[in-house]
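We did not get these values from a lab; they are worked out from the coordinates using the rules stated. Nothing here was measured: the structure is a model prediction, and the numbers come from that model. Don't worry about glycine lacking a Cβ; one is built from the backbone with ideal geometry, like all the others, and counts go over all protein chains shown.
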2 protein chains.
Amino acid sequence: MNNQQIVLASRPKGMPDTATFQFEDVQLSPLKPGEVLVEPTYFSVDPYMRGRMNDAKSYVPPFVVGEPLAGGAVGNVIESQAEGFAPGDLVTGTLPWATQAVVPGNSLKKLDPSLAPASYYLGILGMPGLTAYFGLLDIGKPKAGETVVVSGSAGAVGIIVGQIAKIQGCRVVGIAGSDDKVTLLQNEFGFDAVVNYKTAPDLTKAIAEACPDGVDVYFDNVGGEVSDAVIRNLNFHARIPLCGQIALYNTTEIPTGPRIQPMLLTRSVLMQGFIVSNYQNRFGEGVRQLAAWVTEGKLKYTETTLNGFDKLPEAMLGLFTGQNTGKMIVEV
Amino acid sequence: MNNQQIVLASRPKGMPDTATFQFEDVQLSPLKPGEVLVEPTYFSVDPYMRGRMNDAKSYVPPFVVGEPLAGGAVGNVIESQAEGFAPGDLVTGTLPWATQAVVPGNSLKKLDPSLAPASYYLGILGMPGLTAYFGLLDIGKPKAGETVVVSGSAGAVGIIVGQIAKIQGCRVVGIAGSDDKVTLLQNEFGFDAVVNYKTAPDLTKAIAEACPDGVDVYFDNVGGEVSDAVIRNLNFHARIPLCGQIALYNTTEIPTGPRIQPMLLTRSVLMQGFIVSNYQNRFGEGVRQLAAWVTEGKLKYTETTLNGFDKLPEAMLGLFTGQNTGKMIVEV
């Protein structure tokens, strides 16, 4: 089989489409000392990757036009010239969108396949799980009895945030985009209430009704009008971990909306933007606690899996139309 | 002399005007136990009072139509039925806009006139000084060598923020609305640079030029387009103490502007709304430190004083057109 990769053909304006992605055959160079040949088995697609398609200053450098896209992945070592890695090892790291890739060994982490299914390291025990854990607990600081609202609550991060907030003894209110997701979150994942933002005739009022004591923590994955509606319902001293703004990632103009500072000011609200790598030196703590909750049955996990390397673009686009429940994964 | 008071005649839409204020003669009732008759000597007018003219949920209850306005004041005790207060005592507290007033003794604090001029207790040793102190140090957490930008930098709070930031070893950049203020802040108050937001052809660029290493702390007294321009220049991990939004206090529509969450998110920025009373249990510490800096000559103080009880409305309106440098005071 030829080795294939998917490169960024052009920077999208607005929603990415078929002109954004290009499949190419590629010849791999022989391994140099310190390098490893990896064959990915699972790819993670995540909303933040849309930001890397723009040529803008952010917490990760932009993708380069003509170069392969890349993202979190799990794979098997095929060949190794790097100390500590041998053929057959299960590894994770940021990998190019390619059927095989040569990467530096020091960009990979070895995984123990006996602890959890390999794909969990891209979800609940990986970036989304740690994002939920640190964003909610370290910034949101929920106290028992408080009300926690999470937008994008059926997404990879949101579905974990809601469950951790329940473990903390909070009332948990989700916001999601389909009645199926509403039912699932309430019946399977323990959410106290979920608002369907697509069908609520008055979102501000719907959130007020779902939160009779107001909103103490708003874990924001979405931004835009959904966030406007939540912000109108904030309590004094509310906290907003700012995790994602998926509603705005494909806008072509600078998005505008009601100014939020007067509300944050008069209610002494904290808003904190963050990225999980801010907590890098505490990842061990996070993974241990998340794994313990999974083992104890307190934290349930769900994935949406598309099969086949060629499904990567479709999976990526599906994030923006809510095709996934829980973590979106491509199995190669 | 008759006792006069100024009542809220009607809630203003937009900028308050003569229809907002009404002067009335008023008969004082005799003192009941626990009450004190006070004659104010200095009134403070402050931007937050505009918010109290609206009928909206905030950190202080709204003024009542037909009832006197009220604000921070210093005065002399004329008569007392309250333990601990005697005629001649110098006191401070929130007092109605009246030439004399009967108030509960427990709403007043006795002042030592030998420590500082009486009006200082409305400024550098009062609410504005403490607001600057706690907002900058507790939320902004400036480190030596960082760049601190303060909007409304010639106002009561801003002029103190800038000087405290200098004491911390920061580069301090002010934003003000006249060339006279720019000159004064640079020559008399030690600001490294000051941008005139009214004349800068491109405010974002002007701030970038004044902050070659970007902005680490933005102490926001103003909001609106001035803040939009600063926010475009924020560094990773910047902090924004959200203190005031004077540019928006007289708007009649819900103000709109560019959404700020994407910028706060991608740069891991903290924004925290606050009011000085959040720090009530640390006021002693704040007053001691501010007084020490004044004594050591590290903190300079300036006031704009209008003379006469009838000048209160004019002083209040003057806040919104930048008539004051430093604290706006009305001396009765």
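Some values worked out for this structure:
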read-out: 16 Å Cα-Cα reach of B:LYS311 towards lysines, excluding residues that sit fewer than 8 places from it in its own chain; value: B:LYS327
read-out: Global geometry of segment B:127-277, whether rounded, prolate or oblate, following the gyration tensor of its Cα atoms and the 1.5 cut on a/c; value: rounded
read-out: Chain B - convex hull of the alpha-carbon atoms, volume per residue in Å³; value: 135 Å³
read-out: Rounded to whole Hz, the Karplus (6.51, -1.76, 1.60) HN-Hα couplings of segment A:87-98, x for glycine and proline; value: x, x, 4, 8, 9, 9, x, 7, 10, x, 6, 8
read-out: Euclidean distance between Cα centres, segment B:222-277 to segment A:222-273, Å; value: 11 Å
read-out: Exercise: per-residue mean of other protein chain Cβ atoms within 10 Å, A:219-227; value: 1
read-out: Cross-link reach list, lysines versus B:LYS13, counting only Cα pairs under 18 Å and skipping chain neighbours closer than eight places; value: B:LYS57
read-out: Sorted by Cβ neighbour density within 10 Å, fewest at the top, the residues A:ASP89, B:ASP220, B:ASP310; value: B:ASP310, A:ASP89, B:ASP220
read-out: Those aspartates and glutamates that a straight Cα-Cα span of less than 16 Å connects to A:LYS110, excepting residues fewer than 8 apart in one chain; value: A:GLU35, A:GLU39, A:GLU79, A:GLU83, A:ASP89
read-out: Copy-to-copy label separations for B:THR94, where each label sits 7 Å from Cα toward Cβ, in nm and ascending; value: 5.1
read-out: Label geometry 7 Å along the beta-carbon vector: A:ALA292 inter-copy distances in nm; value: 4.2
read-out: Part-to-part distance (alpha-carbon centres) for segment A:93-139 and segment B:115-184, which is given in Å; value: 45 Å
read-out: Pairs of lysine residues in segment A:127-277 - Cα separation under 20 Å, sequence separation of 8 or more or cross-chain; value: 4
read-out: 10 Å Cβ neighbours from other chains, averaged over peptide B:271-278; value: 6
read-out: P(r) of the protein assembly as shown over all Cα-Cα pairs, binned every 20 Å from zero, in whole percent; value: 17, 43, 29, 10, 2, 0
read-out: Packing-based exposure ordering (other Cβ within 10 Å, fewest first) of B:ILE159, B:ILE254, B:ILE124; value: B:ILE254, B:ILE124, B:ILE159
read-out: Chain B: antiparallel DSSP beta bridges as a percent of all, rounded to 5; value: 55 percent
read-out: Built amide H within the under 5 Å cut-off of B:ASP89, gap 5+; value: B:VAL77
read-out: In Hz, Karplus ³J(HN,Hα) per residue of segment B:137-154 (6.51, -1.76, 1.60; θ = phi - 60°; x = Gly, Pro); value: 7, 7, 9, x, 6, x, 10, 3, x, 7, 9, 10, 10, 10, 8, x, 6, 9
read-out: Charge dipole magnitude, Cβ of K and R +1, D and E -1 - chain B, Cα centre, debye nearest 20; value: 920 debye
read-out: Where rotation carries B onto A, the chain B residue whose Cβ is nearest that axis, in whole Å; value: B:MET271, 2
read-out: Cut-off under 5 Å, modelled amide H: who pairs with B:VAL194 long-range; value: B:GLY174
read-out: Other copies of A:THR305: label-to-label distances in nm, shortest first, labels 7 Å along the beta-carbon direction; value: 7.9
read-out: Which of B:ASN250, B:PRO128, B:VAL194, positive extreme of dipole for segment B:127-277 (C-beta unit charges); value: B:PRO128
read-out: Only Lys, Arg (+1) and Asp, Glu (-1) charged, at Cβ; segment B:127-277 dipole about Cα centre in debye; value: 320 debye
read-out: Rh (Kirkwood; distinct C-alpha pairs) - segment B:1-155, Å; value: 17.5 Å
read-out: Order of A:VAL149, B:VAL64, A:VAL195 under a 10 Å beta carbon neighbour criterion, fewest first; value: B:VAL64, A:VAL195, A:VAL149
read-out: Derived scalar couplings ³J(HN,Hα) [segment B:114-131; Karplus, 6.51 cos²θ - 1.76 cosθ + 1.60; whole Hz; x for Gly, Pro]; value: 7, 7, 7, x, 3, 5, 4, 6, 9, x, 5, 9, x, 4, x, x, 5, 4
